[in-house]
Amino acid sequence: METFKIGLSLIKDSFFNAISGRRLYNIWMAWLTALMLVGIYCYSQQLEFGLDITGMTDRVSWGLYISNFTFLVGVAAAAVMLVMPTYILKDVDFKQSVLIGEGLAVSALLMCLAFVVADMGGPARLWHMIPGIGVFNFPNSMLTWDVIVLNGYLFINISIPLYILWMIYIGKKPNPKIYVPGVIISVFWAVGIHMVTAFLYQGLQARPFWNNALLGPRFLASAFAAGPALIIIVLAVIKRFTMFKIERKTFNKIALIVTVAAQANLIMLISELFKEFYAPTHHSESAYYLFFGLDGKGALLPWIWTSISMNVLATLVLTIKRFRENHTLLYIACGMLFLAVWIEKGFGLIIPGFIPGPWGKIAEYTPTLTEIGVTIGIWAMGAFIFTLLAKTGISIELGRMRYKKTSDVVTD
Amino acid sequence: MDRRKALSSLTAGLMIGAGAVHTSCSVTAGDKSKEQSELDWEEYFKGNYKLMTQEEKDATVKRLVRSYELKTGKNISMSSKGSLDNVLFGYAFNISKCQGYMDCVNACVEENNQDRESQMQYIRIHEMEDGKSFNFNEADDNYYHEVPAQGHFYMGTQCFHCDNPPCVEVCPVQATWKEDDGIVVIDYDWCVGCRYCMAACPYDGRRFNWKTPEVPEQEVNKNQHYLGNRLRKKGVMEKCTFCVQRSREGKNPACVEACPTGARVFGNLLDPTSEIRWILDNKKVFRLKEDLGTEPKFWYFMD
């Protein structure tokens, strides 16, 4: 009964906390709401007319949705890079950023799920996948593995921060014996969601571009670069706009993680390029399409070369300690890295898998406005959810939101 | 599947309630629209065809036939016939004979009720240049000139009904599977439309309904099979089924029957006296992308 009362009060407090804020906050949330409404409108069009109004065809049958899904799994997994040192290595200066990281993971996962649902031909029939009332093709289909690991990871990343914030909310100290085991599981789990998502593609002998042992490890490296890079940018924004204190040391440590991951990612990129182009085979054609174009068709050329330039430049900047510790440069480098990986692990990975087709057909893919509208709507949804989670979390951590035991919490 | 049944009757009750409100407020809607919405809801909550008992199969077939009658006033016949004992279907394609007329493609579209507007085709005929071996990359699978073109030969591809089909492995809901007679089928009502099977197929054998497929009523082939040519809906996969509505009745698939050159041979691989067995035993046959381990039941040969 007491728990129920605290829960109710927490929800109430969070709600009032969410709807009160500075002018800039209100503008930001209104803007996101408008974008979500655009997304909902575009999705309603898609529901009515079918996926025909996207740019996808029988030749390129996955597009922007699955590209963004793949990338965001990486962002979600990256939260762990902050979790591990804080709770296990007792490196306290990460502590404030961890809740932010986990909030980011939750938002990224919800975006992943939204992108997958947006890509479905029959979203109303998704209950067919629920074990018990449907048929869950486990363990044969890697997609079922992905459903398990993503939802499991979502559960872990909701429950740990919820427990910690709950305890602070009621004025107690969170017990490490309760949450540390969860944290340890989530560390392994994060690697799991990444490998399983890579296996989704890696396991298809029909698509030589994906059927490559480096895909999983490269997923990890690029994710551990792009995810923490985003966290740095988010922390910078939070530091600028809230009372939440984030030490310089924290930035430098996360920057180090980004740097090492970006370097590993570049090494693997070189290895991949060498394999594809030193002794090109029939199986290198997708890579040719991606990097140089085939038959005069090269829609991805400007994207992938932008991505590679930003990737190399950002890694260089990060590698030099003096540059990395200059925070203006650090934010720019992180922004570039994030965009570079979004291109490379998004449509730079998914679309060339289908080009050329199984019989050599080179049919290109261009997303339609409707598709872009849905995509923007889902990103706005992610940002919206993250802002709410972060605002609530910060208010509790700063002691602004506390459970008032005696009164029934009257709010004016 | 008791839980689903419970869910179904619960919602059916709600639907009948909603339907009652709807009918009482509308002059035109009558018993028929009520019956239609009831049928739609029972259909929505039905299970995977692969796991249905024969009774459940009969019931869904009956609902689908009735539903078509309510919508168009016309009758169709729909079979739920299973595979026969000692039958394993296989297909052979004579490269020397095919002249690229594409009669097979047209016959397939008419037989299998594919969407006319998007011109969905299960079969692709690749026009290859002589002296360039089987170079699919440079082949043209979308030609509109007179055939046979000088200096070219033709090769057809479609679903190869692999014995080890990657598409079946990857499906998250087991909406596609290999029947006992070797035909790889799809339950169009169970498919969720994720298109993972499409990405997994090395032979471009699968097609997706990007929009609601349309076939003019007078062109609908009314001789249907649940796993074959019955009308599909938006957002689901479909593919060649070796014309399951024909092959299980002892007939050849439409493409074989339509081919004017006799390049296409279909039959029971387990019958030692069948033509397909004679070809496998006496001709030098090969399959495409054998290195992938998919074991297609579709062979090519030359005279």
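A few comments on the model shown:
- Residue within region A:312-329 that is without any contact (Cβ under 8 Å) to a residue 12 or more places away in the chain, outside any helix (DSSP H, G or I) and within 14 Å of another protein chain (Cβ to nearest Cβ) present: no
- Selection over region A:182-218 of residues that are more than 22 Å from A:Leu104 (Cβ to Cβ) and over 19 Å from the mean Cα position of the chain (by Cα) gives a count of 13.
- The set of residues in region B:46-101 being basic (Lys, Arg) and closer than 30 Å to B:Phe134 by Cα consists of B:Lys97 alone.
- Selection status of B:Glu249, farther than 30 Å from A:Tyr201 by Cα and either away from chain A (no Cβ under 14 Å) or not acidic (Asp, Glu) (or both): yes
- Restricting attention to region B:251-294, the residues that are under 27 Å from B:Gln114 (Cα atoms) and of a type in the set (Phe, Trp, Tyr) add up to 1.
- Positions within region B:125-159 being assigned to a loop (DSSP other than H, G, I, E, B) and within 11 Å of chain A (Cβ to nearest Cβ), in sequence order: B:Phe134, B:Asn135, B:Ala139, B:Asp141, B:Asn142
- Matching residues in region B:237-255 - criterion: being without any contact (Cβ under 8 Å) to a residue 60 or more places away in the chain and hydrophobic (A, V, I, L, M, F, W, C): none
Okay, residues lined up against (1) surrounded by fewer than 21 Cβ atoms within 10 Å (Cβ to Cβ); (2) more than 7 Å from chain B (Cβ to nearest Cβ); (3) within 17 Å of A:Ser67 (Cα to Cα):
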site: A:Met111; (1), (2), (3): no, yes, yes
site: A:Ala124; (1), (2), (3): yes, yes, no
site: A:Ile130; (1), (2), (3): yes, yes, no
site: A:Asn157; (1), (2), (3): no, yes, no
site: A:Pro161; (1), (2), (3): no, yes, no
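- Hey, A:Leu339 in contact with a helix residue (DSSP H, G or I) (Cβ under 7 Å, 6 or more places away or on another chain), in a helix (DSSP H, G or I) and more than 30 Å from A:Phe251 (Cβ to Cβ) or not: no
For (1) buried (at least 18 other Cβ atoms within 10 Å of the Cβ); (2) of a type outside the set (Asp, Glu); (3) closer than 13 Å to B:Cys162 by Cβ; (4) within 14 Å of another protein chain (Cβ to nearest Cβ), each residue gets a yes or a no:
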| site | (1), (2), (3), (4) |
| --- | --- |
| B:Gly262 | no, yes, no, no |
| B:Phe266 | yes, yes, no, no |
| B:Leu270 | no, yes, no, no |
| B:Glu275 | no, no, no, no |
| B:Trp278 | no, yes, no, no |
| B:Val285 | no, yes, no, no |
| B:Lys289 | no, yes, yes, yes |
| B:Gly293 | no, yes, yes, yes |
| B:Trp299 | yes, yes, yes, no |
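- Subset of region A:132-155 (residues that are within 19 Å of the chain's Cα centre (by Cα) and more than 10 Å from chain B (Cβ to nearest Cβ)): A:Ile148, A:Val149, A:Leu150, A:Asn151, A:Gly152, A:Tyr153, A:Leu154, A:Phe155
- A:Glu344 being more than 14 Å from chain B (Cβ to nearest Cβ), outside any loop (DSSP other than H, G, I, E, B) and touching a Leu at 6+ places or on another chain (Cβ under 9 Å): yes
- In region B:261-273, the residues that are more than 15 Å from B:Phe301 (Cβ to Cβ) and within 25 Å of the chain's Cα centre (by Cα): B:Asn268, B:Leu270, B:Asp271
- For region B:176-219, residues that are in a strand (DSSP E or B) and more than 7 Å from chain A (Cβ to nearest Cβ) total 7.
- All conditions but one from (1) touching a residue at least 60 places away in the same chain (Cβ under 8 Å); (2) part of a helix (DSSP H, G or I); (3) within 14 Å of chain A (Cβ to nearest Cβ); (4) of a type in the set (A, V, I, L, M, F, W, C) apply to B:Ala107; the one that does not is (3).
- Residues in region B:160-175 that are within 10 Å of chain A (Cβ to nearest Cβ) and crowded, with 19+ Cβ neighbours inside 10 Å: B:Pro166, B:Cys167, B:Val168, B:Val170, B:Cys171, B:Pro172, B:Val173, B:Gln174, B:Ala175.
- Candidates A:Glu325, A:Glu344, A:Glu364 - the one that is surrounded by 22 or more Cβ atoms within 10 Å (Cβ to Cβ) and either out of contact with any Phe, Trp or Tyr (no Cβ under 9 Å at 6 or more places or on another chain) or among the charged types (D, E, K, R) (or both): A:Glu344
Here, each number is a calculation from the coordinates, and none is a lab measurement. These numbers come from a predicted model, not from an experiment. Quick reminder, even Gly has a Cβ in these numbers, built from the backbone with ideal geometry, and neighbours come from all protein chains shown.
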